[in-house]
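A short worksheet on the structure shown next.
The values are calculated or read from the model by the stated rules, or taken from the named source; none is laboratory data. Because the structure is a prediction, the values reported are computed rather than measured. Because the Cβ atoms are built from the backbone with ideal geometry, glycine has one as well, and the counts that use them run over all protein chains shown. Surface accessibility is based on the protein's heavy atoms, side chains included, excluding ligands, DNA and RNA. Shrake-Rupley method; radii C 1.70, N 1.55, O 1.52, S 1.80 Å.
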Amino acid sequence: MAQLTHVRYTPRLTLRPFALTDLDDLTIIYQHEEICRYLYWDPRDRAASLAALEKSVQRPIDIVDDNVLNVAVTIKGTNRVIGDFMLRWMKNEHRQGEIGGSLHPEFHHQGFASEVYTELLVIGFTLYELHRIVGRCDARNAASVRSLERVGLREEAHFIENEFVKGEWTDEIVMAIRKSEWAPRPNAREA
Ligand SMILES: CC(C)(COP(=O)(O)OP(=O)(O)OC[C@H]1O[C@@H](n2cnc3c(N)ncnc32)[C@H](O)[C@@H]1OP(=O)(O)O)[C@@H](O)C(=O)NCCC(=O)NCCS
């Protein structure tokens with residue numbers, strides 16, 4: 001995983017690198033059953049969150065090979081982490097990326113995920129020169145599908161029972177956008 005090199009701003013949010021001091025906030029997000037319902041893992045305790053956080057803060061920045069950029073999301077002017085988002089990129093020659101993330105339940109339904117994704121698309125398409133970016137969702141995860149639609153991703157595939165997650169067969173929807181389809185929104189800037 002890699003860290004953001006610059007703090008970035010959206011209209012209401014700050015996107016910054018994670019720090020070990022974010023452990024309490026991250027633990028609070030992933031201890032919720034409802035947050036983990038459509039994720040691959042069960043609710044995490046503090047030790048599991050620490051292990052994930054340590055990976056995130058220790059990996060070097062390297063945009064050449066496969067890598068993941070982890071982004072801590074805070075409301076502008078505050079330091080509490082309310083969201084954990086990522087931009088992953090695969091195999092440089094294909095220039096493919098993936099976005100995803102989770103928000104503390106208190107902050108759902110306010111357009112925050114769409115705001116973060118808008119900025120991750122800017123980073124992916126302009127800084128990392130990706131060709132196509134996807135979002136992968138459990139087909140039942142309407143909020144995830146909708147938040148990706150809001151920033152221009154369209155449904156590209158609906159796989160039927162392609163994964164066995166938490167004891168059941170699940171469908172997966174792949175949402176996608178190519179750089180040629182993307183219309184950047186000029187509302188974010190670097191610090
Ligand atoms: C997915 C997630 C990040 C979306 O965050 P969010 O900030 O609430 O999303 P936004 O407000 O930007 O957009 C949500 C959209 O989904 C809609 N939505 C939310 N919950 C919904 C539901 N249960 N059914 C249908 N639509 C829903 C909202 O109305 C909104 O659409 P609208 O703009 O047309 O009204 C958040 O729900 C979350 O953290 N979920 C748990 C973790 C998770 O599943 N992450 C995705 C992994 S792929």
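If you take the beta carbon distance between Ala48 and Arg140 as r and set R0 to 22 Å, what does 1/(1 + (r/R0)^6) give as a FRET efficiency, to the nearest 0.05? The calculated FRET efficiency here is 0.35. Sparse packing (at most 15 other Cβ atoms within 10 Å of the Cβ) combined with a DSSP loop state is found for the following trypsin sites (Lys or Arg not before Pro) in the stretch 70-133: Lys76, Arg80, Lys91. Annotation: the antiparallel percentage among DSSP beta bridges lying fully within the chain is about 90.
Here the 3J(HN,Hα) profile of the stretch 34-48, calculated from phi with Karplus coefficients 6.51, -1.76 and 1.60 at θ = phi - 60°, is 5, 5, 8, 3, 10, 9, 7, 10, 7, x, 9, 8, 4, 5, 5 Hz, Gly and Pro shown as x. Under 5 Å from the amide H of Asp171 lie the amide H atoms of Ala139, Glu161, each residue being 5 or more positions distant or on a separate chain, with H modelled from the backbone and absent for Pro and chain starts. Protein heavy-atom accessible surface, 1.4 Å probe, per residue over the stretch 1-118: 50 Å². Using a 1.4 Å probe on the protein chains only, how many percent of the accessible area of the chain belongs to carbon and sulfur? Carbon plus sulfur share of accessible area: 51 percent.
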